[in-house]
Amino acid sequence: MDPTEGGRPATPPLRLRVNGQHHDLPADPRTTLLDLLRDHLNLTGAKPGCNHGTCGACTVHLDGRRVLSCLILAVTAAGSDVVTVEGLAGETLHPVQRAFIEYDALQCGYCTPGQIMSADACVREGHARTDDEIREYMSGNLCRCAAYPNIVAAVAAAAEEM
């Protein structure tokens with residue numbers, strides 16, 4: 001039997017766990033994690049902003065650490081645990097999500113999922129002790145609406161609750 005599909009070697013399915021669910025997905029080796037999440041799993045929280053890793057709109061957690069999913073090839077995430085903004089909350093909103101609402105830390109909302117994922121990592125990793133520390137850790141996430149003071153306040157509030 002020929003192990004090729006259309007003249008190319010067959011690609012084994014990519015296995016990863018996303019938001020607690022296991023998936024076996026066909027994936028071209030050139031597919032980014034962002035494209036896999038959006039195009040194959042219909043998880044559209046992570047946004048394509050710059051596709052260069054400079055805006056943070058595509059931030060997700062990979063094995064517990066924040067990553068820019070536009071820069072990660074999906075095949076390098078094989079066997080990993082991926083959490084997107086859709087999987088952050090359980091039965092109720094996550095403390096960071098509640099704080100973003102309470103402190104009006106969003107305007108247009110495009111960057112919000114990436115901001116929330118970075119904010120959660122910021123708090124979990126102990127980088128939310130001061131406003132300056134929060135600003136430094138969150139500096140990789142751009143907000144074109146300039147909601148930065150509210151984002152810092154939301155992260156600080158979430159840190160107290162978490």
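The values are calculated or read from the model by the stated rules, or taken from the named source; none is laboratory data. Remember, predicted model here, so these are calculated numbers, not experimental data. Heads up: the accessible areas ignore ligands, DNA and RNA and are worked out on the full protein's heavy atoms, side chains in. Shrake-Rupley method; radii C 1.70, N 1.55, O 1.52, S 1.80 Å.
Which percent of the accessible area of the chain is formed by carbon and sulfur heavy atoms (probe 1.4 angstrom)?
Details: 4480 of 8690 Å².
Of the solvent-accessible surface of the chain, carbon and sulfur hold 52 percent.
How large is ³J(HN,Hα), in whole Hz, for each residue of the stretch 101-118 in order, when computed from phi with the Karplus curve 6.51 cos²θ - 1.76 cosθ + 1.60 and θ = phi - 60°, using x for Gly and Pro?
These are the phi-based 3J(HN,Hα) values: 6, 4, 9, 6, 8, 8, 10, 6, x, 4, 7, 4, x, x, 4, 5, 5, 5 Hz.
Give me a comma-separated list of calculated 3J(HN,Hα) values for the stretch 142-154, in order, Karplus coefficients 6.51, -1.76, 1.60 applied at θ = phi - 60°, integers in Hz, x for any Gly or Pro.
The phi angles translate into 8, 10, 5, 8, 6, 8, 3, x, 6, 5, 4, 4, 5 Hz.
What list of ³J(HN,Hα) couplings, whole Hz, do you get for the stretch 127-141 from phi and the Karplus terms 6.51, -1.76, 1.60, once you set θ to phi - 60° and write x for glycine and proline?
My calculation for the stretch 127-141 gives 9, 10, 7, 9, 4, 4, 5, 4, 4, 5, 5, 8, 5, x, 10 Hz in order.
If you consider only alpha-carbon coordinates, what radius of gyration and Dmax does the chain have, in Å?
When restricted to Cα atoms, the chain yields Rg and Dmax of 17.1, 62 Å.
Express the relative contact order of the stretch 46-162 as a whole percentage, based on alpha carbon pairs under 8 Å and six or more residues apart in sequence. List each step's numbers first, then the result.
Details: 176 pairs, mean separation 35.1, N = 117.
This gives 30 percent for the stretch 46-162.
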